[in-house]
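Please treat every number below as a calculation from the coordinates, not as lab data. In this text the structure is predicted, and so the values were computed from the model without any measurement. We place every Cβ from the backbone using ideal geometry, glycine too, and count neighbours over all the protein chains shown.
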């Protein structure tokens, strides 16, 4: 199942009306061709759309009328062909016995729901990191759940109230922390969380895996490198199944290179697509790497903005005949999760040393300072000044205290995995109804990441372990240059100096940047004129001045206009 949502009455006497069920089905997809399936029973309704982006179907209906739906893939077993239905049936039967233990074997990225009208039970669960989101809202004796926030935003009976803290974290980090959303009464399930709602036993929340229970693996560097490589090959092979050909979004970086090399080593033909801008290191080195690996390579240089994925994919589809396409051409293999999961980007030896010394507060301040995470006070209402100054620190500190590990330094890494990385693909899942693109992310494999998180953190910092790990792969991956992060182990191979780095000002062309700026100016202009502009948070005169200065080129305040547009969007979904 690609997208699903439902509503469940906490009290057996509470009815879910036909109108509520239709509203739920109507909010599932914005695509005009989608015809959602709808199950409507006593005190419950479930709507879903299967887009066929992955092999198999994510639906199971038992003989007693209970039903389970699955977004993504559980990956409970190694098999010759991907069989989402058989995994879902196994989980459904285990859940019918009240057994959650099967989930601890799941290696995939998923959101799953089981509805049992006869017993009056609803069960919801997500993958180890909650990377495939599940949103839940409790409202007037009903619980609503959905795989996209926009679905709950579109249901009038889910009365939404702005969460000031969630909005401030969204502004500072690009996402709210922990399980928060921009709304007080809507939350995300936490990683590895199971939410069980029973009309006879009430609400029960549990975890099928706790990071504090993990034991250190105790391997030396060479053994750990071999073991992690073997685990990664399994992660790729389990997801590929018997597919003969797949699509990989490809760049000049290491993550997509490792994914693609592993697919090729498993005997899978790879179509690689690179959407980096002209004259960029990513585009040129990507082509070199594609030739070295022997993929069928396609380039579609793009500008900034999320739409570049869809436009590049559409151009790639148009370049091929139907019999040249992979069996599942909208399942897109990515290297998402690699730079943080294995490369440990955003962390420094200083931060880890402070954590090991028990100086957590200093370590958190070092993290915020290094990554330039802060809230500017100028645009916000003066009464929020104290909240702005503490918001970023408090949010990270609470997560560092909550997420335990045998290695104190790992707490910061867990913070990134359970926040930055788990939110990394939210927008792709949010827009999957219109993009029709399903990310396949082997770097989020549960067993692979458990091995990393069961190892001491120091050898992984600054891509040190990652760069050595390349030698485990065939195709001599370290014989092709790559872009290295600042303050990380540099690439030992020469890179043409006349090319643009992804961190340089000239990465995107002036024309593409101007087009993106025009879109933002139009969007923020509508936000300023919107009666729901969040005057309780932002100072409208300051935003107007920023708009004018950006428009005239005096100074670029795009970041502030983005803030105003985003906060106005969420405010407009509330009742006032």
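A few remarks follow.
- DSSP bridge orientation in region 210-507 - percent antiparallel, rounded to nearest 5: 0
- Distance from the Cα centroid of region 284-317 to that of region 87-121 is 38 Å (rounded to whole angstrom).
- Computed from the Kirkwood radius of its Cα pairs, the Stokes-Einstein diffusion coefficient for the chain at 20 °C and 1.002 mPa s stands at 86 µm²/s.
- Between the alpha-carbon centres of region 350-391 and region 470-488 there is a gap of 33 Å.
- Computed helical MRE - 222 nm, the chain, DSSP H runs ≥ 4 contributing -39500 (n - 2.57), nearest 500: -11000 deg cm²/dmol
- Residue exposure sequence - 209, 444 - by fewest surrounding Cβ within 10 Å: 209, 444
- Neighbour-count ranking [beta-carbon atoms within 10 angstrom, fewest first] of 574, 109, 288: 288, 574, 109
- Exposure proxy ranking for 397, 417, based on other Cβ atoms within 10 angstrom of each Cβ and starting from the fewest, stands as 397, 417.
- Alpha carbon centroid spacing (whole Å) that separates region 185-238 from region 396-464: 11
- Per-q log10 I(q)/I(0), region 26-173, q = 0.09 Å⁻¹ (Debye; single scatterer per alpha-carbon; no solvent): -0.31
- Region 1-44 gives an Rg/Rh value of 1.01, both radii derived from C-alpha positions and Rh following Kirkwood.
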